[in-house]
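What follows is a set of notes on a single structure, which appears directly below.
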Amino acid sequence: MKARLTDDNVRPELDLHGCSVDEALRLSRALITKSARRGRDSVRIIHGKSTTGSNRHTVKSALTELIDSGQLSLHVSSTYKSEGHMLVALRKGGNRHHSNRITLRGIKCP
């Protein structure tokens, strides 16, 4: 896995280049949940441009399905989908004064 996560204590950004579809979904779900609990307004997830045919399951299509399915509706209020990334707006809540940055190690599932 070659995912990268940067966090400026405002909007975490997760770059999923080099991840499998399963890894990308696991990391994205964990980041969205943790960010919402920490009172963040949004997260940016970079999935890249899909260069494979439409009959293939890609990180981009899997993320779109995850968001559109409503599985994360407790945390997600809306999304802006672009060619190479998506901006996920989070529901208000959580501790806005939590000052620790979110790290890749902190969102990896065992």
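A few points about this structure:
- Selection from the range 29-51 of residues that are aliphatic (A, V, I, L, M) and either assigned to a helix (DSSP H, G or I) or at positive phi (or both): 30, 31, 32, 36
- Residue in the range 45-62 that is of a type outside the set (Lys, Arg), at pLDDT 95 or above and under 12 Å from the mean Cα position of the chain (by Cα) present: yes
- Scanning the range 1-28 for residues that are touching a helix residue (DSSP H, G or I) at 6+ places or on another chain (Cβ under 7 Å) and assigned to a helix (DSSP H, G or I) yields a total of 5.
- A single member of 26, 4, 37 is open to solvent by 60 Å² or more (accessible area, probe 1.4 Å), within 11 Å of the chain's Cα centre (by Cα) and within 17 Å of residue 104 (Cα to Cα), and it is 26.
- Residues within the range 80-110 that are open to solvent by 60 Å² or more (accessible area, probe 1.4 Å), among the polar types (S, T, N, Q) and at pLDDT 75 or above, tallied: 2
- Close pairs from the range 59-83: first more than 23 Å from residue 49 (Cβ to Cβ), partner open to solvent by 40 Å² or more (accessible area, probe 1.4 Å) and outside any helix (DSSP H, G or I), Cβ under 6 Å, at least 6 apart: 75/91; 77/91
The values are calculated or read from the model by the stated rules, or taken from the named source; none is laboratory data. Remember, it's a predicted structure, so these values are computed and weren't measured experimentally. All Cβ positions, even for glycine, are placed from backbone atoms using ideal geometry, and neighbour counts span all protein chains on display. Quick note on the areas: whole protein, heavy atoms, side chains included, nothing else; ligands and nucleic acids left out. Shrake-Rupley method; radii C 1.70, N 1.55, O 1.52, S 1.80 Å.
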